[in-house]
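Note sheet for the following structure.
The values are calculated or read from the model by the stated rules, or taken from the named source; none is laboratory data. Just so you know, these numbers come straight off a predicted model, no measurement behind them. When we count neighbours, we look across all protein chains shown, and the Cβ atoms used for this are built from the backbone with ideal geometry, even at glycine. Heads up: the accessible areas ignore ligands, DNA and RNA and are worked out on the full protein's heavy atoms, side chains in. Shrake-Rupley method; radii C 1.70, N 1.55, O 1.52, S 1.80 Å.
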Amino acid sequence: MNIRFILLLLLFSVQIGWSQPADQKIIAKVGSEIISESEFIERYELTPQLVAGIKGAEDALKKEVLYSIVAEKLWALEAESMGLDNSELIKSTYRAIEKMYVRDALYRQEILSKVKLSDEYLIEAFRRNSLSLDLNYLFSEDEAEINDFFTQLINGVDFYSIFLKRPESTLQETPYVVSYGQMDKNVEDILYDLKLGEFTRPIKAPNGWYIFRLLSTEQKVIEDAQQAEEQQKYVLKVAEKTFTDSIYKDFYSKFFKDATAETNRELFLKLADLVEETLKTRSEKEKIPAEEKVYIVPEDLYKIETELGPELLNAEFVKMNSQFATISDFLQELSIEKFYVDSLDNNHIKGRLNYAVKIFIEHELLSREGYKRGLQNLPEVQRYLKMWRDYYLTETLRKEISENIKITDEEAYEYFLEKNRDTTSLLEVKIIEVLTEDLDIIRTVLDELNAGKDFRELAVKYTIRNEARNNNGELGFFPVNEHGEIGRKAALMKIGDMYGPISVEEGYSLFELIERRESTSFSFYNFEEEKERIKVELRYKKYSDALINKSVELANKYGVDVNEDALNSVEVLNTTTVVYRYFGFGGRLLAVPMTAPNDLWIKPWQEQENQTP
């Protein structure tokens, strides 16, 4: 198998820049909105652009991405004009994402803005990095016992008269070595202040209590300029992280010091029962091994919401500092944060859910502080919220159009006859596919591919498309005008090429082309036997045609103007990455929306423009 492209997961840290140059080019205008050069570059480079071995594809890819963004903005304008932005789903989804950006803005204001490393701080950091500490320690899970040891030591009892009688001494045939950046800063401060032969007060740790004694120090030897440069980078990285962590802990302890929260126990237990039932059903349905994680997916949350009903969904679930949040608020965060369990044990599920509620409470309190400060109105926050709002409005309108496509038996039969009458040669392809609603599954698949696993086996294991799962990972031969974007991309690929992830109606697809052939005959001989498959094929076709026609209609309605020179001159990196943004105070989201390709409308639109007198 020729794996040409590898999907990388980049951690998009909270420290990325948000600002955009004021004097940048405008790539396109859509109605009264613009697509700036920086927005285009960001959307292009932070979305997987797998070229699948197609020569000279960069210019075509730039146009595909741009016209897909243009279509997204057109559809968002139309969705807004239809009032879809007032739907409860859009409002709750938007609010959940807005809270993440507001918390992140608060993190920047309260934490990152205060990270300023003084010369004295850096000098001490470099001093500590130059030394490693050789230590022995006493350990006890009992606070009273460790305090008794400390009392003996300060009264003159020799450290080793206690140490040699302790079981932990057998683990210290050689000294315990501590280097810079290894320990919590408060503990590190204590250890690096020790003089030879001195011991610490009892230090609390998650597993018990420690008393350390400094035996000796060792000077780190720098052998060449390259090593010196690497050490400098390491010290600066650790120093910044350590300082940031200390500011964070100080803010956290002060902010939550007087916070109060109370969860409605009855509602919690009701929710826990529904979550447990849902997880067990999913585990049985998908035959998930006992040792693997079981996730709650959006479909599950929708069922849970239906079971609870409007009254319980909007009931007071958590009371926080005299304000409250509903189960609906909590479930909306779960849909973004991705809830899972490691075991289907009742107590484990309740424990995991209880922890999720705790994190939700913290997020809510932080978000409300951010709203109080008006951080939702910051230009950098509004820019990203607009991007996500357009995406969700577009997806809502596309879903509405998809749901309105109905195929009758008569239509299916006419399509069947039409295809049988068509003797034109048509390219057909066969692929192995992983289809999933979860980008983390895509990442897992490619990680396992890098480790030497067989893609076919991974497809059988992970795909949610039944046809592929039940056929050794394969989708049997199908014409390239079927399966929407998958068929279109497969037509341009060579056998052995892989492509993806690509956003499709059912989720995300990663596939490998394994065969292709020219077909001159239609293979369905019995309409009744193949009726459902014909309906699926016709539905794909009608949905694809609807997207094209609607996009052309909206381009005419709102107006589109593309600066071809600016587009051709912009330089982009053709990366194969899926990029997540990790937010301050917690939370993760794709760095930018993964817009489904939608550029087939441009040709008929341009042809129509050329025909206009």
Problem - Residue match in the range 429-440 (condition: in a helix (DSSP H, G or I), more than 16 Å from Leu513 (Cα to Cα), within 32 Å of the chain's Cα centre (by Cα) and charged (D, E, K, R)) - result: yes
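Results for (1) open to solvent by 40 Å² or more (accessible area, probe 1.4 Å); (2) within 30 Å of Glu168 (Cβ to Cβ); (3) not aromatic (Phe, Trp, Tyr), shown as yes or no for each residue.
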{"residue": "Gly181", "(1), (2), (3)": "no, yes, yes"}
{"residue": "Ile190", "(1), (2), (3)": "yes, yes, yes"}
{"residue": "Lys195", "(1), (2), (3)": "yes, yes, yes"}
{"residue": "Thr200", "(1), (2), (3)": "no, yes, yes"}
{"residue": "Ala205", "(1), (2), (3)": "no, yes, yes"}
{"residue": "Leu215", "(1), (2), (3)": "yes, yes, yes"}
{"residue": "Glu223", "(1), (2), (3)": "yes, no, yes"}
{"residue": "Glu229", "(1), (2), (3)": "yes, no, yes"}
{"residue": "Thr242", "(1), (2), (3)": "no, yes, yes"}
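Can you name the helices (runs of 4 or more DSSP H) wholly within the range 103-182 that have at least 2 residues being of a type in the set (A, V, I, L, M)?
Qualifying helices (runs of 4 or more DSSP H): 119-129, 143-154.
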Exercise for the section: Only residues in the range 266-291 that are over 12 Å from Lys350 (Cα atoms) count as the first member; pair them with residues that are part of a helix (DSSP H, G or I) and open to solvent by 50 Å² or more (accessible area, probe 1.4 Å), Cβ under 7 angstrom, at least 6 apart or cross-chain, and list the lot. Expected result: Leu267/Leu312; Thr278/Lys303
Handout entry: Evaluation of Glu505 against (1) open to solvent by 30 Å² or more (accessible area, probe 1.4 Å); (2) closer than 30 Å to Lys531 by Cβ; (3) in contact with a strand residue (DSSP E or B) (Cβ under 9 Å, 6 or more places away or on another chain) (one fails), failing number
Key = (3)
Problem - Matching entry among Glu474, Glu485 (being modelled with pLDDT under 85, in contact with a strand residue (DSSP E or B) (Cβ under 7 Å, 6 or more places away or on another chain) and either surrounded by fewer than 18 Cβ atoms within 10 Å (Cβ to Cβ) or among the charged types (D, E, K, R) (or both)) - result: Glu485
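Please find, among Phe360, Phe317, Phe339, the residue that is among the aromatic types (Phe, Trp, Tyr), more than 24 Å from Asp104 (Cα to Cα) and either touching a Pro at 6+ places or on another chain (Cβ under 8 Å) or open to solvent by less than 40 Å² (accessible area, probe 1.4 Å) (or both). Give the steps one after another, and end with the answer.
On the way: Phe360 fails: more than 24 Å from Asp104 (Cα to Cα); Phe339 fails: more than 24 Å from Asp104 (Cα to Cα).
So the residue among Phe360, Phe317, Phe339 that is among the aromatic types (Phe, Trp, Tyr), more than 24 Å from Asp104 (Cα to Cα) and either touching a Pro at 6+ places or on another chain (Cβ under 8 Å) or open to solvent by less than 40 Å² (accessible area, probe 1.4 Å) (or both) is Phe317.
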Exercise for the section: Check whether at least one residue in the range 117-126 is farther than 30 Å from Phe251 by Cβ, open to solvent by 20 Å² or more (accessible area, probe 1.4 Å) and hydrophobic (A, V, I, L, M, F, W, C), and report yes or no. Expected result: no
Problem - Failed item, numbered, when Ile296 is tested on (1) over 23 Å from the mean Cα position of the chain (by Cα); (2) open to solvent by less than 30 Å² (accessible area, probe 1.4 Å) - result: (1)
Problem - Matching residues, the range 365-404, being free of Cβ contacts under 8 Å to residues at least 60 places away in the same chain and not basic (Lys, Arg) - result: Gly374, Asn377, Pro379, Gln382, Glu395, Glu403, Asn404
Practice task
Specify the residue that is farthest from Ala315 (Cα to Cα); the eligible residues are those in the range 256-269 that are among the hydrophobic types (A, V, I, L, M, F, W, C) and crowded, with 16+ Cβ neighbours inside 10 Å.
Solution key: Ala261
Completion exercise
Of the residues in the range 302-319, those that are within 24 Å of Glu262 (Cβ to Cβ) and modelled with pLDDT under 90 number 0
Practice task
Kindly list the number of the only condition in (1) within 21 Å of Leu538 (Cβ to Cβ); (2) in contact with a Leu (Cβ under 6 Å, 6 or more places away or on another chain) that fails for Gly500.
Solution key: (1)
Exercise for the section: Within the range 183-211, track down each residue that is within 36 Å of the chain's Cα centre (by Cα), charged (D, E, K, R) and assigned to a loop (DSSP other than H, G, I, E, B). Expected result: Asp184
Fill in the blank from the handout: Heads up, the helices (runs of 4 or more DSSP H) in the range 258-350 (entirely inside) with at least 1 residues that are in contact with a Phe, Trp or Tyr (Cβ under 6 Å, 6 or more places away or on another chain) and farther than 27 Å from Glu506 by Cβ are 265-286, 327-337
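Looking for something part of a strand (DSSP E or B), at pLDDT below 90 and of a type outside the set (S, T, N, Q) - is there at least one such residue anywhere in the range 552-570? Reasoning before the result, please.
Taking the range 552-570 first, the residues part of a strand (DSSP E or B) are 560-562.
Retained after the next criterion (residues that are at pLDDT below 90): none.
No: the range 552-570 contains no residue that is part of a strand (DSSP E or B), at pLDDT below 90 and of a type outside the set (S, T, N, Q).
Among the residues of the range 508-528, what is the count of those that are at pLDDT 80 or above and open to solvent by 20 Å² or more (accessible area, probe 1.4 Å)? Quick ask: steps written out before the conclusion?
Of the residues in the range 508-528, the ones at pLDDT 80 or above are 508-518.
Applying the additional criterion that residues be open to solvent by 20 Å² or more (accessible area, probe 1.4 Å) yields 508, 514-518.
The total comes to 6.
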Practice task
Give the number of residues within the range 133-172 that are under 30 Å from Ala239 (Cα atoms) and open to solvent by 20 Å² or more (accessible area, probe 1.4 Å).
Solution key: 2
